[in-house]
Amino acid sequence: MNQNENNRIESAETRRQFLKKSTLAAAAVATSANLFKTPVYGQNQAPSTGKVIGANDRINVAVVGVGTGIGMNHFKGIHGKAADNNVALIGVCDLFNKRRDEAKDFAKLTADQAYSDHRKMLENKDIDAVVVATHDVWHAPISIDAMEAGKHVYSEKPMTRYLGEAFQVYDTVKKTGKVFQVGSQGSSAAGWHKAAELVKAGKIGQLVWAQGYYCRNSIGGEWNYKIDEKSTPENINWERWMGSIKNKIPFSADHFHRWRKYYPYCGGLLGDLVPHRLHPLMVASGNPEFPCRVTSIGTKNVHADKNTPNTPERDVSEHVQLLAEFPSGYLITITCSSVNAKSPGFVVYGHKATLNIGNMGEKVELVPEKEFSEEIDGASFDGLTPHEDIRVHEKNWFDCIRDGKMPNAGIDLAIRTQTIISLAEMSNRMNITCLFDEKTRKITTGDGKEVPAITYGTLPIS
């Protein structure tokens, strides 16, 4: 090899190193003032009410809503991990006496630790933290009541039923300084945080778009759960269960057990499955933003409910897609289905490279675009932990109650994500594209017409 050839190779290598260093330096300058903040709770907020919990203090927990799904999962899981997390389960609340009694007996609680009204439960000053695992209608009222009573809150997803409630919860968190976690456990999986680290380090260049999926297939219709024979008006406080619903109906065991099918109580796939994917993808961006434009389409053409005897047709879609645009120009698209289970995968696309993320956030693959292969090195990060685990997500909440830090799905992430979900529901049900102004919290259509956020009573089915 002659000297000219050596000089050419050295020059190319030097150029490659220079490009890599320049890219990282530019990314640091560009993002240092614009990173999504994860503040300590209580900063620039009113003093927190309730007991001050030290690093070694036990946290006393109560659970509101102990259905056979996620609610009882939380109840049994927190009880089972009580010693590991230095917590105690000292309260349960449910409007169905059977569920309430079963939970009380399981955890060996006393009669006065089992409640039928969350307001009475919140009078117990020994309770430090509350898990809200009810149907969506009650997420906001219980969360707000709990924080105003000095309790920290873990609220199941979606954050609230409607957007107006979400901002009420947000404002209450900021006012009280309590630690709030939304129950999208994928937000605690390490892969999404590794992706955010790579994005913020400039490893994929300017963000372009991301895709996520949550697809299942149900022959008999998603959420057509078995109806408990003891579900009767005598055993369930139906009037209170209906909560803020505008168009109230007589007692329905079908609605009680299969509420995710019906718009008065839930946004369907947008409320149940989308949050599982949207929260983590927002984390992966490295700088979660409020959306500036959201559109969504839903279809219901399979009619899988007909395969389950004696069950009414659902209100909500069987298949939905949403597309959200952010002020930075970044786009996120999510598809959820209950009638086809194929899912292409989770990807964050940048101008210079792409991130392939494992379904459970357990791995990340960095794949450079060929045009930038001299500047960006490919890499693979496998065996990342924790995976998508409710127990890990609960522990993150407990840890943050003790150290005052923002949890993995804290209020700043939750309000941005819920804004997308709520606007997507409006778009789908009203056949519009929703533009959003985060400063005024106003929603407009493309021609500048303001559209009030939907709430209880806005639409015929509510």
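The values are calculated or read from the model by the stated rules, or taken from the named source; none is laboratory data. Computed from a predicted structure; not experimentally measured. Note that we place each Cβ from the backbone using ideal geometry, even for glycine, and neighbour counts take in every protein chain shown.
Of all residues in the stretch 337-368, which are within 19 Å of V283 (Cα to Cα) and either touching a His at 6+ places or on another chain (Cβ under 8 Å) or among the aliphatic types (A, V, I, L, M) (or both)? If the condition is that a residue be within 19 Å of V283 (Cα to Cα) and either touching a His at 6+ places or on another chain (Cβ under 8 Å) or among the aliphatic types (A, V, I, L, M) (or both), then V347, V348, A353, L355, I357, M360, G361, E362, V364, L366 are the ones that fit.
What number goes with the only condition from (1) out of contact with any Cys (no Cβ under 9 Å at 6 or more places or on another chain); (2) buried (at least 16 other Cβ atoms within 10 Å of the Cβ); (3) closer than 30 Å to R258 by Cβ that I90 does not pass? Every listed condition holds for I90 apart from (3).
A residue that is farther than 30 Å from T333 by Cα and touching a residue at least 40 places away in the same chain (Cβ under 8 Å) cannot be found anywhere in the stretch 271-286.
Of all residues in the stretch 340-365, those being surrounded by 15 or more Cβ atoms within 10 Å (Cβ to Cβ) and within 18 Å of G212 (Cβ to Cβ) number 18. No other residue among R402, R416, R429 is farther than 25 Å from G358 by Cα and assigned by TED's automatic domain parsing to the domain that holds M360 apart from R429. Restricted to the stretch 114-145, and to residues there that are in contact (Cβ under 8 Å) with a residue 40 or more places away in the chain and in a helix (DSSP H, G or I), the residue that is nearest to the chain's Cα centre (by Cα) is D136.
For every residue, the table says whether it meets (1) touching a strand residue (DSSP E or B) at 6+ places or on another chain (Cβ under 8 Å); (2) closer than 16 Å to H135 by Cα; (3) of a type in the set (F, W, Y).
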{"position": "G205", "(1), (2), (3)": "yes, no, no"}
{"position": "W209", "(1), (2), (3)": "yes, no, yes"}
{"position": "C215", "(1), (2), (3)": "yes, no, no"}
{"position": "S218", "(1), (2), (3)": "yes, no, no"}
{"position": "W238", "(1), (2), (3)": "no, yes, yes"}
{"position": "K246", "(1), (2), (3)": "no, yes, no"}
{"position": "H255", "(1), (2), (3)": "no, yes, no"}
{"position": "R260", "(1), (2), (3)": "no, yes, no"}
{"position": "L269", "(1), (2), (3)": "yes, yes, no"}
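Taking the numbered list (1) buried (at least 20 other Cβ atoms within 10 Å of the Cβ); (2) assigned to a loop (DSSP other than H, G, I, E, B); (3) of a type in the set (A, V, I, L, M, F, W, C) in turn, I219 passes all entries but (1). The residue that is surrounded by the fewest Cβ atoms within 10 Å (Cβ to Cβ), among those in the stretch 268-312 that are basic (K, R) and under 26 Å from I411 (Cβ atoms), is R293. With the requirement that a residue be out of contact with any Phe, Trp or Tyr (no Cβ under 9 Å at 6 or more places or on another chain), in contact (Cβ under 8 Å) with a residue 40 or more places away in the chain and in a loop (DSSP other than H, G, I, E, B), what does the stretch 433-445 give you? Selection gives T433 alone. Restricting the stretch 160-185 to residues that are touching an Asp or Glu at 6+ places or on another chain (Cβ under 8 Å) and not in a strand (DSSP E or B), the residue that is surrounded by the fewest Cβ atoms within 10 Å (Cβ to Cβ) is T172.
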